[in-house]
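Report on one structure; see the data block that follows.
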Amino acid sequence: MKKIIFFGPPGAGKGTQAKIISKFLNISHLSTGDILRKKLLDNDDLAKKLQSIMSSGNLVSDDILNSIVSSRLKNETEKGFILDGYPRTLAQSEFLNNFFLETSSSLDFIFDIQINFEILKNRIIKRSSEEGREDDNINVIETRYNEYINSTQKVSNIYKDNYSSIFYEIDGSQQIQEITKKIKNILKKS
């Protein structure tokens, strides 16, 4: 089964596309954002720590995310999965690469959804009012976007250099259906 990573800044449409494609391929959509938001409902010490980190717009530590993601991946490797929001740092990408080595598996597709900041900002503010997400305000948006530029975009560039044959850049300013069509066409060709 397919193993896919979606890259792109917050609000680029990674989650939307990952949900659509996971249904299309009948594989799990592993969104670190969703996993972390569910963890916040636990109301334990880790949940309180996560609340503080996420409400300020900062990223959760590599150790916490690696632990959460690896436990999920172990159950999904044979069936296939889509990673959305992971890996975000060089340490996370090294952890993921080691996971693939240990499980004798590999990635099949990497999609990098690219979009300009002004479009992104307007999209996130709209999402915030529609979904009532507290982590979608202008200060948090700017913090998360800068984190993306300073950290995750570097990871994406490494994947682009090392996995160019399965790396696809997608224009995130298009309509959802257009982006989905482009991704499905890439998936069908292979």
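Here the accessible area of segment 6-131 is 48 percent carbon and sulfur, with a 1.4 angstrom probe and all protein chains present. Labels on offer are [x] 17.1, 59; [y] 39.6, 115; [z] 15.9, 47, and the one holding Rg and Dmax of the Cα atoms in Å computed from this structure is [z]. For a modelled paramagnetic label at residue 78, 7 Å from Cα along Cα-to-Cβ, the residues of segment 1-34 in reach, with backbone nitrogen under 13 Å, are 1. Relative to one another, the C-alpha centroids of segment 37-52 and segment 125-190 are positioned 25 Å apart.
Counting only protein heavy atoms and a 1.4 Å probe, segment 45-147 has 52 square angstrom of accessible area per residue.
With unit charges on the beta carbons (Lys and Arg positive, Asp and Glu negative) and the dipole taken about the Cα centre of the chain, which residue among 139, 156, 186 sits farthest to the positive side? Of the candidates, 186 comes out farthest on the positive side. When the pairs 39/181; 74/182; 2/154 are compared against a 27 Å limit on Cα-Cα distance, 39/181; 74/182 fall above it. Label sites at residue 24 and residue 102, each approximated as a point 7 angstrom past Cα along Cα to Cβ, lie 3.2 nm apart.
What value, in deg cm²/dmol to 500, does the helix sum -39500 (n - 2.57) over DSSP H runs of n ≥ 4 give at 222 nm once divided by the residues of the chain? Estimated from H runs of four or more residues: -18000 deg cm²/dmol. Rounded to the nearest 20 debye, the dipole magnitude of the chain is 660 debye, with +1 charges on Lys and Arg beta carbons, -1 on Asp and Glu beta carbons, and the Cα centre as origin.
Residue by residue, segment 102-115 carries 3J(HN,Hα) couplings of 5, 9, 6, 10, 8, 6, 10, 8, 10, 10, 10, 8, 10, 7 Hz when phi is fed to the Karplus relation 6.51 cos²θ - 1.76 cosθ + 1.60 (θ = phi - 60°); x denotes Gly or Pro. Of all beta bridges that DSSP places with both ends in segment 1-119, some 0 percent have antiparallel geometry.
The values are calculated or read from the model by the stated rules, or taken from the named source; none is laboratory data. This one's a predicted model, so the numbers in the text were calculated from it and none came from an experiment. Cβ coordinates were reconstructed from backbone atoms using ideal geometry, including for glycine residues, and neighbour counts include every protein chain displayed. With ligands, DNA and RNA removed, areas are computed over all heavy atoms of the protein, side chains included. Shrake-Rupley method; radii C 1.70, N 1.55, O 1.52, S 1.80 Å.
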